[in-house]
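Engineer: Structure provided below as structure tokens; questions to follow.
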Amino acid sequence: MLRIHYDDYESLRTHGEETYPNECCGVLLGKNIAGEGNHVRQIVRAGNTRTDSAHNRYHIAPQELVKIQRQARGLGLDIVGFYHSHPDHPAQWSKTDFAEAHWLGCSYIITSVDQGKAVLTNSFLLTGTGEDDKNFEDEPIQIDIATHVAEAEAHNQKGQE
Amino acid sequence: MNIHIPTPLRAYTGGLETVSVAGATVNAVFQQLTVQYPDIKQHLFTPEGKLRSFVNVYLNDDDLRYLPNKEETAVTEFDELTIIPSIAGGKSC
């Protein structure tokens, strides 16, 4: 299961509305919790370099990814996934999404944006051990309303004591 | 020198985000990396020994593909390598 704070969830959906009719993209920073899944602590908006075909393609410049990975390291976080939008198209992964997915164990969030309005947001976990057996699996999203996922976790832990 | 490992490949470095590897060139460093962590090799290189097309490598802030000497570029212990698989996709139609 993917856990994400409500503000981050809304922010990535809004990003898709802002870039409509083009695709938006960004990076999910957080931690993978064994037995639970990826917990998002922060999202980072990225630029879509596919200006030649931004309405149906996205690409994040590797240089920008390097900077984002550095940023994550400084925060004690990891890159745990990515997000992008599908303008006037379902929130399901495409053949292109699958062919270009290489971050095994990471979550790929897709938001459908119909006529400029964000509609559905789905997450897919890239599973497998390599390019030969990789697979996208539907991944439930848990949206945390508390001010921060960490606070929610601390609250839950305290409640169990 | 330090090599920063992306999340999906840390399964092959014992969970380490940063590993320290010695070598005089990028190529030598990569060879040593695959000696220290043999399971990472198939994820970085094709069976022919070429860096996989979706794997980006940065030497400090420079894309290795655009350096004049590419993998034969000389490095020091103060340099840093970052391995970063590409991110792309889209609805396609």
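The values are calculated or read from the model by the stated rules, or taken from the named source; none is laboratory data. Keep in mind it's a predicted model, so treat the numbers as computed, not measured. Counting neighbours? That spans all protein chains shown, and the Cβs are built from the backbone with ideal geometry, glycine included. Calculation scope for accessible area: heavy atoms of the full protein, side chains included, ligands and nucleic acids excluded. Shrake-Rupley method; radii C 1.70, N 1.55, O 1.52, S 1.80 Å.
Engineer: Restricting the search to the range B:51-81, which residues are in a loop (DSSP other than H, G, I, E, B) and closer than 24 Å to A:Arg70 by Cα?
Structural biologist: B:Arg52, B:Ser53, B:Phe54, B:Asn60, B:Asp61, B:Leu67, B:Thr73, B:Val75, B:Thr76, B:Glu77, B:Phe78, B:Asp79
To keep it simple, each residue is scored yes or no on (1) modelled with pLDDT of 95 or more; (2) part of a loop (DSSP other than H, G, I, E, B); (3) over 28 Å from A:Val40 (Cβ atoms); (4) of a type in the set (Val, Ile, Thr).
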| position | (1), (2), (3), (4) |
| --- | --- |
| B:Leu9 | yes, no, no, no |
| B:Ala28 | yes, no, yes, no |
| B:Leu33 | yes, no, yes, no |
| B:Gly49 | no, yes, yes, no |
| B:Ile84 | yes, no, no, yes |
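Engineer: Just checking: which of the strands (runs of 3 or more DSSP E) contained wholly in the range A:44-142 hold 1 or more residues that are loosely packed, with under 15 Cβ neighbours inside 10 Å and in contact with a Lys or Arg (Cβ under 8 Å, 6 or more places away or on another chain)?
Structural biologist: By residue number, A:117-127.
Engineer: Could you list, in sequence order, the residues of the range B:35-47 that are part of a loop (DSSP other than H, G, I, E, B) and either within 11 Å of chain A (Cβ to nearest Cβ) or surrounded by 15 or more Cβ atoms within 10 Å (Cβ to Cβ) (or both)?
Structural biologist: B:Tyr37, B:Thr46
Engineer: Oh, and also: So the check is Cβ under 8 Å with 6+ separation or different chains; which pairs have a first residue in the range B:1-29 that's more than 14 Å from chain A (Cβ to nearest Cβ) and a second one that's of a type in the set (Phe, Trp, Tyr) and loosely packed, with under 15 Cβ neighbours inside 10 Å?
Structural biologist: B:Met1/B:Phe78
Engineer: With the checklist (1) under 18 Å from A:Val113 (Cα atoms); (2) in contact with a Gly (Cβ under 9 Å, 6 or more places away or on another chain) in hand, flag the one item A:Tyr9 doesn't pass.
Structural biologist: Every condition holds for A:Tyr9 apart from (2).
Engineer: Which one of these does B:Lys91 not meet: (1) farther than 30 Å from A:Trp93 by Cβ; (2) part of a loop (DSSP other than H, G, I, E, B)?
Structural biologist: Of (1) farther than 30 Å from A:Trp93 by Cβ; (2) part of a loop (DSSP other than H, G, I, E, B), only one is false for B:Lys91: (1).
Engineer: I would also like to ask the following. May I ask you to say which residue of B:Glu80, B:Glu71 is more than 11 Å from chain A (Cβ to nearest Cβ), surrounded by 11 or more Cβ atoms within 10 Å (Cβ to Cβ) and either within 29 Å of A:Ser107 (Cβ to Cβ) or modelled with pLDDT under 95 (or both)?
Structural biologist: Of B:Glu80, B:Glu71, the one residue that is more than 11 Å from chain A (Cβ to nearest Cβ), surrounded by 11 or more Cβ atoms within 10 Å (Cβ to Cβ) and either within 29 Å of A:Ser107 (Cβ to Cβ) or modelled with pLDDT under 95 (or both) is B:Glu71.
Engineer: Of the residues that make up the range B:37-44, is at least one in contact (Cβ under 8 Å) with a residue 40 or more places away in the chain and within 25 Å of A:Gln71 (Cα to Cα)?
Structural biologist: no
Engineer: Do you know which residues across the range A:29-66 are without any contact (Cβ under 8 Å) to a residue 24 or more places away in the chain, more than 10 Å from chain B (Cβ to nearest Cβ) and more than 18 Å from B:Glu17 (Cα to Cα)?
Structural biologist: Answer for the range A:29-66, where residues must be without any contact (Cβ under 8 Å) to a residue 24 or more places away in the chain, more than 10 Å from chain B (Cβ to nearest Cβ) and more than 18 Å from B:Glu17 (Cα to Cα): A:Gly35, A:Gly47, A:Thr51, A:Asp52.
Engineer: Scan the range B:50-68 residue by residue and report those that are without any contact (Cβ under 8 Å) to a residue 24 or more places away in the chain and either under 13 Å from the mean Cα position of the chain (by Cα) or surrounded by 19 or more Cβ atoms within 10 Å (Cβ to Cβ) (or both). Can you show your working first?
Structural biologist: Kept after step one, since they are without any contact (Cβ under 8 Å) to a residue 24 or more places away in the chain, are these residues of the range B:50-68: B:50-53, B:60-63, B:65-68.
B:Lys50, B:Leu51, B:Arg52, B:Ser53, B:Asn60, B:Asp62, B:Asp63, B:Arg65 - these are the residues of the range B:50-68 that are without any contact (Cβ under 8 Å) to a residue 24 or more places away in the chain and either under 13 Å from the mean Cα position of the chain (by Cα) or surrounded by 19 or more Cβ atoms within 10 Å (Cβ to Cβ) (or both).
Engineer: Here's something else I'd like to know. Limited to the range B:25-37, what total is found for residues that are closer than 15 Å to B:Lys70 by Cβ and more than 12 Å from the chain's Cα centre (by Cα)?
Structural biologist: 1
Engineer: Which condition number does B:Lys91 fail, the rest of (1) at pLDDT below 95; (2) open to solvent by 40 Å² or more (accessible area, probe 1.4 Å) being met?
Structural biologist: For B:Lys91, the exception is condition (2).
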